[in-house]
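**Q** Submitted below is the structure of interest, expressed as structure tokens.
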Amino acid sequence: MIDVVYFAWVRERIGLPRESVETSAATVADLVAELRAREDRYDMAFTDLSALRVAVDQELTDFDAPLAGVREVAFFPPMTGG
Amino acid sequence: MTVRLQEAAFDAGAELNAFTAAQSNAGAVVSFSGIVRNSARGDLVAMEIEHYPAMTGSAIEAMIETARGRFALGDALVIHRHGRLAPAEPIMMVATASRHRADAFAAAEFLMDYLKSRAPFWKKEVTASGAQWVAPRDADEKALTRW
């Protein structure tokens, strides 16, 4: 099980802030493909990966990052702090 | 180093005075404070700031550690708010202290550039006509390349 968390418009588009996902995805990209196959709202949220950022266990990373041993994956738009 | 994430407003002047008073080995203190800018039409009702509580603090601490490796940075303070803010309220501040001013200026700019694009915050502008997530500016991403 991996906790998947969503922020900002990704959270709004998918309609929930967090969920536990039973997955054997090897990489973040594989997890995205699994989520997109679920329902339109996921498919729409992940249509343009260049508009998304990902953190694995609270560290920014890339979509080809491996998921072995990972507990939490977060998807969100580019950050707008400061 | 001090990193504070909070919903409550803060007094940037008082924070700067306290930070300055706590320095025993510095010759320069630089600070920046960000405030909620009104919309172009002047109809901003609120700025809503969301963040990633499990990541934000550690991400900012890591930025400060990186700044320490690049500049002769003695101490740093970062305060960043989240939640619902009104126009002209303080959003965040950065203060840096070093022996000489060049390092304090550079470290403050470095931290600001990274906070903009690499700290997990997302701003949403609420106006009379609706709410909209703030889009990142290309210039903010480009600013990172100078470091």
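The values are calculated or read from the model by the stated rules, or taken from the named source; none is laboratory data. Bear in mind the structure is a predicted one, so any value in this text is a computation, not a measurement. Cβ coordinates were reconstructed from backbone atoms using ideal geometry, including for glycine residues, and neighbour counts include every protein chain displayed. Keep in mind that these areas ignore ligands, DNA and RNA; they rest on the heavy atoms of the full protein, side chains included. Shrake-Rupley method; radii C 1.70, N 1.55, O 1.52, S 1.80 Å.
**Q** What number comes out for accessible area per residue over chain A if the probe is 1.4 Å? Units Å², please.
**A** About 48 Å² of surface per residue is accessible.
**Q** What residue among B:ALA107, B:ALA62, B:ALA119 shows peak mean-square fluctuation when chain B is described by a Gaussian network model with Cα springs under 10 Å?
**A** B:ALA62
**Q** Could you grab the Rg to Rh ratio for chain A? Cα atoms only, Kirkwood for Rh.
**A** Looking at chain A, the ratio lands at 0.92.
**Q** On C-alpha positions alone, give me the angle between the axis of helix B:12-21 and the longest principal axis of chain B, in degrees, nearest 10.
**A** The answer is roughly 10 degrees.
**Q** Taking square-rooted eigenvalues a ≥ b ≥ c of the alpha carbon gyration tensor, is region B:1-112 rounded, prolate or oblate, where a/c under 1.5 means rounded and, failing that, a/b exceeding b/c means prolate?
**A** prolate
**Q** What number, rounded to the nearest 500 deg cm²/dmol, is the helix-based mean residue ellipticity at 222 nm of the protein assembly as shown, given -39500 (n - 2.57) per DSSP H run of at least four residues and division by all its residues?
**A** -10000 deg cm²/dmol
**Q** Within 10 Å of each candidate Cβ there may be at most 14 other Cβ atoms; applying that plus a DSSP loop requirement, which trypsin sites (Lys or Arg not before Pro) in region B:79-123 survive? Before the final figure, lay out the partial values.
**A** Values: sites: B:ARG81, B:ARG84, B:ARG99, B:ARG101, B:LYS116, B:ARG118, B:LYS123; in loops: B:ARG99.
Those that pass, being in a loop and sparsely packed, are B:ARG99.
**Q** Moving on to the next point. In whole Å, largest first, what are the principal axis extents of the Cα atoms in region B:73-147?
**A** Result, largest extent first: 49, 26, 18 Å.
**Q** Could you work out the longest stretch of chain A that avoids the GluC sites (Glu not before Pro) located in DSSP loops with at most 14 other Cβ atoms within 10 Å?
**A** Of all site-free stretches, the longest is A:40-82.
**Q** Lysines near B:LYS142 by alpha-carbon distance under 21 Å, same-chain residues fewer than 8 away left out - which ones?
**A** B:LYS116, B:LYS123
**Q** Could you tell me whether region B:51-94 comes out rounded, prolate or oblate from its Cα gyration tensor? Rule is a ≥ b ≥ c as square roots of the eigenvalues, rounded for a/c under 1.5, then prolate if a/b exceeds b/c, otherwise oblate.
**A** oblate
**Q** Using 5 Å bins from zero, what percent of all Cα-Cα pairs in the protein assembly as shown falls into each bin?
**A** Distribution as computed: 1, 6, 13, 16, 17, 15, 12, 9, 6, 3, 1, 0 percent.
**Q** Moving on to the next point. Restricting to Cα pairs below 8 Å that are 6+ residues apart, what does the relative contact order work out to for region B:100-147? Please round to a whole percent.
**A** 34 percent
**Q** Hey, another quick one. Mind checking which aspartates and glutamates have their C-alpha under 13 Å from B:LYS124, skipping anything on the same chain fewer than 8 residues away?
**A** A:GLU12, B:GLU48, B:GLU50
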